[in-house]
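S.K.: Let me give you the structure first, and then I'll get to my questions.
The values are calculated or read from the model by the stated rules, or taken from the named source; none is laboratory data. Everything numeric in this text was worked out from a predicted model, so none of it was measured. Positions of Cβ are generated from backbone atoms using ideal geometry, with glycine treated the same way; all protein chains shown enter the neighbour counts. Side chains included, ligands, DNA and RNA excluded: accessible areas come from the protein's heavy atoms. Shrake-Rupley method; radii C 1.70, N 1.55, O 1.52, S 1.80 Å.
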Amino acid sequence: MDKIVIDGGVPLEGEVSISGAKNAALPIMAATLLAPGVHRLHNVPRLADIRTMKRVLGLMGVTFEESGGLMGPPLPEGALLVDTSNLTGWMAPYEVVKTMRAAVLVLGPLLARAHQASVSLPGGCAIGARPINLHLKGLEAMGVKITLNQGYVEAKTKELKGAEIILDFPTVTGTENLMMAATLAKGTTRIVNAAQEPEVGDLASFLVALGAQIEGIGTDILTIHGVEALSPAPYKVMSDRIEAGTYLAAAAITKGKVAVTNAPVAHLTAVIEKLHDAGVRCATSGDRIEVQPGGGLNGADIKTLPYPGFPTDMQAQFMALMSVAKGASVITETIFEDRFIHVGELKRLGADITISGNQAVVRGRRHLSGAPVMATDLRASASLIIAGLAAQGTTEVHRVYHLDRGYANLVEKLSALGARIKRVPA
Ligand code: EPZ
């Protein structure tokens, strides 16, 4: 187990390039099951969760190539060949799903390809119960027989059929599972109240590249006309809006001058708007966002909402920023019922935060003070890193394996921006 040690107080300077989006790459990798053959994916981020998804798919007979070729010359950085020609299984076991709940994304594709799946129910998670009832209800509407047996979802169908599905909540992976299943169903499926997160759109674009017929991409109503078969296609994964937002917050809290490049600017509107409200000037041009040191930070309220609202995956990072802003800010978390675990750790750094239900009131302090803290989930660990970059003295972030799940080369990228940061054995 490693820890990350930061000596805070250095304004970040320079340029940082954003990697491929974890939450687009994961469903896209699962979707390769729908089209037997070799898929050439580009801009796949080098993350622990990607390695876990490879393990899950590998258990079903899927093979991969990352360096030399299944064919031809070495592959460029971030390229991944996925060969789904031979499916030898349809099970996602507990020991894998418990480490990464996104493994449930194999449900839809397996039912479409093999008409069966045995997937461990994802357990609870640090940020909430996170059930998958809406995934299962939608699949049942498509003719899938679901039984729960010793912690596993046993799913079988003679034939997937098109259905009208109205989601109680715009679940991101729920929308993705149902959309993937619908691509090879008999007839048309309409998903109403579908998630509109850009990563859902990126998956939809990949499915269309495979030959799927999908209307309404980017809206809350997806219409999928089932087709007979899909075939492999090359695809470049979109860049990661949450990684980009994290570096914007890191630049802002250190009063630095940083250009974030390869950024999906159009998907960051709510985040840039809120940073602006907090006094952070972001100049955008093309896929580049430049944070300029301006006046001080002032408190700004946020409320997390489904896209295009402020993303819940940026809530912890923004809270760290607000902990040193002038005045107070009210942070309302509406997506997950328990996504304030980072509050206790931020308070160890001197933050003044009071929780009441799904709201946290942050009263900005002049500065934070370094201390040992513990990461509890992916985005909470990012918020502790951000706070440590600004805190006076040394901050040690423990259990950094959480970070490895969603941030490629974080220490290298921050060091290149001038941060005094290193990763050492705990
Ligand atoms: C996706 O999780 C993301 N993960 C999460 O990112 C992200 O925080 C979340 O969407 C919200 O944007 C991936 O895409 C791999 P949901 P997901 O289903 O799909 C409730 C990160 O840091 N719900 O949209 O699991 C659920 O309990 C991760 O990268 C049901 O009640 O989120 C939650 O309260 C963290 N029943 C809310 O909906 C269901 O069947 C949102 O869940 C499904 C969801």
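S.K.: Can you tell which of T219, T223, T188 is touching a His at 6+ places or on another chain (Cβ under 9 Å), more than 16 Å from the ligand (Cβ to nearest atom) and either β-branched (V, I, T) or more than 21 Å from T157 (Cβ to Cβ) (or both)?
M.R.: Just one listed residue meets the conditions, T188.
S.K.: Take F206 and tell me if it is touching a helix residue (DSSP H, G or I) at 6+ places or on another chain (Cβ under 7 Å), assigned to a loop (DSSP other than H, G, I, E, B), among the hydrophobic types (A, V, I, L, M, F, W, C) and within 16 Å of the ligand (Cβ to nearest atom).
M.R.: For F206, the condition - touching a helix residue (DSSP H, G or I) at 6+ places or on another chain (Cβ under 7 Å), assigned to a loop (DSSP other than H, G, I, E, B), among the hydrophobic types (A, V, I, L, M, F, W, C) and within 16 Å of the ligand (Cβ to nearest atom) - is not met.
S.K.: For P131, which of the numbered conditions (1) free of Cβ contacts under 8 Å to residues at least 12 places away in the same chain; (2) assigned to a strand (DSSP E or B); (3) under 28 Å from R51 (Cβ atoms) fails to hold?
M.R.: Checking P131 against (1) free of Cβ contacts under 8 Å to residues at least 12 places away in the same chain; (2) assigned to a strand (DSSP E or B); (3) under 28 Å from R51 (Cβ atoms), the one that fails is (2).
S.K.: Residues of the range 103-121 being over 15 Å from G61 (Cβ atoms) and surrounded by 23 or more Cβ atoms within 10 Å (Cβ to Cβ), which ones?
M.R.: Listed by number, the residues that qualify are A103, V104, L105, L107, G108, L111, A112, V119.
S.K.: For T88, are the conditions met, namely being β-branched (V, I, T) and within 16 Å of the ligand (Cβ to nearest atom)?
M.R.: So T88 does not fit the description; no.
S.K.: From L230, L184, which residue is part of a loop (DSSP other than H, G, I, E, B), outside the structural domain of K413 (by TED's automatic domain parsing) and in contact with a Lys or Arg (Cβ under 8 Å, 6 or more places away or on another chain)? Walk me through how you get there before you give the answer.
M.R.: Numbers: L230 fails: in contact with a Lys or Arg (Cβ under 8 Å, 6 or more places away or on another chain).
After ruling out the rest, the residue left standing is L184.
Residues checked against (1) free of Cβ contacts under 8 Å to residues at least 40 places away in the same chain; (2) more than 28 Å from A380 (Cα to Cα); (3) open to solvent by 30 Å² or more (accessible area, probe 1.4 Å); (4) not assigned by TED's automatic domain parsing to the domain that holds E65:
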site	(1), (2), (3), (4)
A204	yes, yes, no, no
A209	yes, yes, yes, no
I242	no, no, no, yes
L248	no, no, no, yes
A252	no, no, no, yes
R281	yes, no, yes, yes
E290	yes, no, yes, yes
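S.K.: Taking the range 300-337, which residues are among the small types (G, A, S) and more than 18 Å from T246 (Cα to Cα)?
M.R.: Initially, the range 300-337 is screened for residues among the small types (G, A, S), giving 300, 309, 316, 320, 323, 325, 327-329.
Once the filter is applied, which keeps residues that are among the small types (G, A, S) and more than 18 Å from T246 (Cα to Cα), the range 300-337 yields G327, A328, S329.
S.K.: Search the range 386-426 for residues being outside any strand (DSSP E or B) and of a type in the set (D, E), and hand back the single one that is farthest from M374 (Cα to Cα). Steps first, answer last, please.
M.R.: Taking the range 386-426 first, the residues outside any strand (DSSP E or B) are 386-391, 393, 399-419, 426.
Remaining after also requiring of a type in the set (D, E): 404, 412.
Working: D404: 14, E412: 21 Å.
Checking each candidate, the answer is E412.
S.K.: Can you tell me which residue in the range 383-401 is surrounded by the most Cβ atoms within 10 Å (Cβ to Cβ), limited to those that are out of contact with any His (no Cβ under 8 Å at 6 or more places or on another chain) and closer than 12 Å to I253 by Cβ?
M.R.: Only one residue fits best here, namely A387.
S.K.: Just a yes or no: is a residue in the range 342-354 in a loop (DSSP other than H, G, I, E, B) and touching a residue at least 40 places away in the same chain (Cβ under 8 Å)?
M.R.: Taking every residue of the range 342-354 in turn, at least one turns out to be in a loop (DSSP other than H, G, I, E, B) and touching a residue at least 40 places away in the same chain (Cβ under 8 Å).
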